[in-house]
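Some notes on the structure that comes next.
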Amino acid sequence: MVSRNELRKRSQKRARKAAKLTRANEASTTDANTDATPHQGPSKSAEVPVDPDAMSKQGFLAEVFEEVPIKPVVTRFPPEPNGYLHLGHAKAMAVDFGFAQFHGGKTRLCRLDDTNPDKEDESYTQSIVDMVKWLGFTPVAITYSSDNFQRLYELAQELIKKEKAYVCHCSDTEVKLQRGGKDGKEGPRFRCKHAEQDVSTNLTKFHDMHDGKYEPQTAFLRMKQDIQNGNSQIFEGITHSLCTTEFVLSRESYEWLNKTLGVYEPTQREFGRLNLTGTLMSKRALAVLIEQQLVKGWDDPRLYTLIALKRRGIPPGAILSFINELGVTTSRTFIQIARFEQSVRRYLEPTVPRLMLILDPIPIFISNFDGSIEIDVPFPPKDLSFGSHRLTVTKTVYIDRSDFRETDSPDYFRLAPGKIVGLLHVPHPIKATSYTKDDATGLVTGVEAIFQEGVKPRTYIQWVAEGSAQVEARIYAPLFKSEDPSAVEGGFINDINPESMTTYHGALIERGISEVRERAPWPATKGEAGGISAPEAVRFQAVRVGYFSMDSDSTSEKLVLNRIVSLKEDSGKN
């Protein structure tokens, strides 16, 4: 039997050897570049080294500024508060705020379009403000479209007096016919009879509209130009109006309106929207999922609303890094979920600590070891600047059920009867000698093992000590089975993946989680420094399992974890 003192001595010897190797590597680096300062390693607040200005330095945005080199740049982000923002809105934010910041913009307005009260809600408005701040952006002013209603009303009357607008009573069907029918190909375009009304008649009708004398949708103001509406950014000193490509056709009428009224005219340019394949982001589709209780709400971690991504634990910096990687063009971007998740992994890998988590634990009884021993383990093995934490090796430890097989095979390298594996950070590997099973379920209930000296194991597995905290771990898979759920026969509901969420109620985590919680956020990004991020800013890599964060369902008695993304391991690894 290996004594407690012997284990302690061997652990200390391994630690001294590792420290010696680290010093040698640092000396080698310094000798190779005498002008460089000694490597200190990134702290928990270090960001992944991605140039945040890359989008504005080249491509579409660089061309926009070269065409209209006005400084200081003033942009706006104008969402309508009738739903929760999604990943596509994050791209718009990155473009609008990032472009202004890169060119020394002093004002970035967050103009909330509140002109559709039937669909708008205060909770949506607050969520928009929160998500802007969470992504690390600070609008100098938050304004509302309704702030300009009086000025818009005055300008509308001016447009009527110039015989450039009139009050129309046509139905939607009639207006479509006047525009040439479907796709403008069903007949010639023509004006309706209301366009012949004189100025006095139009002003009277417009005043009646203002006073509420018409039923909704029975009267509206039309420009005497080939349609589309202007907007209120003409009053906010916007220099560059950057919007998505669905507004390309409206640019001509927008510019016509500004010139006709003789008001300030921002430069409008359009970029391609960001779309994810394999999921849905439209408010209408998500509302159906929620109403049918197929997801838990707008912040369900399987969705791609920003509040859902936030709850899942994806850092705001990872979202911005992903958008920056894609760049900005005029083409619509269709990106697979796998690419987004790979970008998140790259961001998390150097910025969060590592812990050991056991999803489906079974006990290992080490028969030739009594007592316990403390070992010091760095949070990430390759970066000592993160610090370290203590682990206890006990006579009984727990491994994951997936790491033990009753019958061995040549292509299997983890634990089996008579087989040896290493326990991460523990000086000696273990050898399984026997196991017990539940007769009713057929499941293994425990494994007898011994410490095996003088043998180098082929693989190592994670473990936790006896007395480790029990947690609930939620593992997510794609919500839909296909790349285009909306194209599935019978509708996207028929494409729901019934195994999109797996919950482990009896998972175990090592005690280092306490320090990780105390030192959050991981990483310490600008948007999360203000405290709006908790609890999902408690992030870590669960060795061999994936990246996790703390869920808002957690309480003082119960810790609930969400898997952010899996590890980039080969799924066939044994």
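The values are calculated or read from the model by the stated rules, or taken from the named source; none is laboratory data. Source: prediction; values computed, not measured. Cβ atoms come from the backbone with ideal geometry, glycine included; neighbour counts cover every protein chain shown. Accessible surface is based on the protein model in full, side chains and every heavy atom, while ligands, DNA and RNA are left aside. Shrake-Rupley method; radii C 1.70, N 1.55, O 1.52, S 1.80 Å.
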Within segment 249-269, track down each residue that is in contact with a strand residue (DSSP E or B) (Cβ under 9 Å, 6 or more places away or on another chain) and either among the aromatic types (F, W, Y) or open to solvent by 70 Å² or more (accessible area, probe 1.4 Å) (or both).
Y254, W256
Return the residues of segment 369-386 that are outside any strand (DSSP E or B) and in contact with a helix residue (DSSP H, G or I) (Cβ under 8 Å, 6 or more places away or on another chain); say none if nothing qualifies.
F369, D370, G371, F379, P380, L384
If we keep just the residues of segment 363-382 that are open to solvent by 20 Å² or more (accessible area, probe 1.4 Å) and over 21 Å from V421 (Cβ atoms), which is farthest from the chain's Cα centre (by Cα)?
D370
Those residues of segment 65-85 which are over 10 Å from H240 (Cβ atoms) and either without any contact (Cβ under 8 Å) to a residue 40 or more places away in the chain or open to solvent by 20 Å² or more (accessible area, probe 1.4 Å) (or both), in sequence order:
E66, P69, K71, P72, P78, E80, N82, Y84
Given the criterion outside any loop (DSSP other than H, G, I, E, B), surrounded by fewer than 22 Cβ atoms within 10 Å (Cβ to Cβ), aliphatic (A, V, I, L, M) and at pLDDT 90 or above, identify the matching residue among A62, A100.
A62
The strands (runs of 3 or more DSSP E) lying wholly within segment 229-315 that contain at least 2 residues that are touching a Pro at 6+ places or on another chain (Cβ under 7 Å) are 240-244
Can you find, within segment 122-132, the residue that is most open to solvent (accessible area, probe 1.4 Å) among those that are touching a residue at least 24 places away in the same chain (Cβ under 8 Å) and not charged (D, E, K, R)?
Y124
With respect to R346, determine if the residue is in contact (Cβ under 8 Å) with a residue 40 or more places away in the chain, open to solvent by 10 Å² or more (accessible area, probe 1.4 Å) and in a helix (DSSP H, G or I).
yes
Quick test of your reading of the structure: A432 fulfils all but one of (1) among the aliphatic types (A, V, I, L, M); (2) out of contact with any Leu (no Cβ under 7 Å at 6 or more places or on another chain); (3) more than 14 Å from Q462 (Cβ to Cβ). Name the failing condition by number.
(2)
Odd one out for L276, checked against (1) within 19 Å of I564 (Cβ to Cβ); (2) surrounded by 21 or more Cβ atoms within 10 Å (Cβ to Cβ); (3) aliphatic (A, V, I, L, M)
(2)
Could you list, in sequence order, all residues of segment 426-449 that are outside any loop (DSSP other than H, G, I, E, B) and either among the aliphatic types (A, V, I, L, M) or open to solvent by less than 10 Å² (accessible area, probe 1.4 Å) (or both)?
I430, A432, V444, G446, V447, A449
So if I check each of V2, V48, which one is of a type in the set (A, V, I, L, M, F, W, C), over 27 Å from S321 (Cα atoms), modelled with pLDDT under 60 and not in a helix (DSSP H, G or I)?
V2
Check every one of the helices (runs of 4 or more DSSP H) wholly within segment 133-211 and list those with 2 or more residues that are surrounded by 12 or more Cβ atoms within 10 Å (Cβ to Cβ) and modelled with pLDDT under 90.
149-161, 172-178
Scope segment 237-247; condition at pLDDT below 85 and open to solvent by less than 30 Å² (accessible area, probe 1.4 Å); matching residues
I238
Any residue that is surrounded by fewer than 18 Cβ atoms within 10 Å (Cβ to Cβ) and modelled with pLDDT under 95 - is there at least one of those in segment 533-552?
yes
So which residues in segment 388-419 are aromatic (F, W, Y), part of a strand (DSSP E or B) and touching a residue at least 60 places away in the same chain (Cβ under 8 Å), if there are any at all?
Y398
Step by step: first the residues of segment 462-498, then only those that are hydroxyl-bearing (S, T, Y) and in a loop (DSSP other than H, G, I, E, B), then the one that is surrounded by the most Cβ atoms within 10 Å (Cβ to Cβ). Which residue is that?
S468
Over segment 311-334, the set of residues open to solvent by less than 10 Å² (accessible area, probe 1.4 Å), β-branched (V, I, T) and more than 9 Å from the chain's Cα centre (by Cα) is I323
Matching residues in segment 256-265 (under 17 Å from V68 (Cβ atoms) and modelled with pLDDT of 80 or more) number 1
Do you know which residues across segment 499-514 are surrounded by 14 or more Cβ atoms within 10 Å (Cβ to Cβ) and either in a strand (DSSP E or B) or in contact with a Cys (Cβ under 8 Å, 6 or more places away or on another chain) (or both)?
M501, Y504, A507, L508, I509
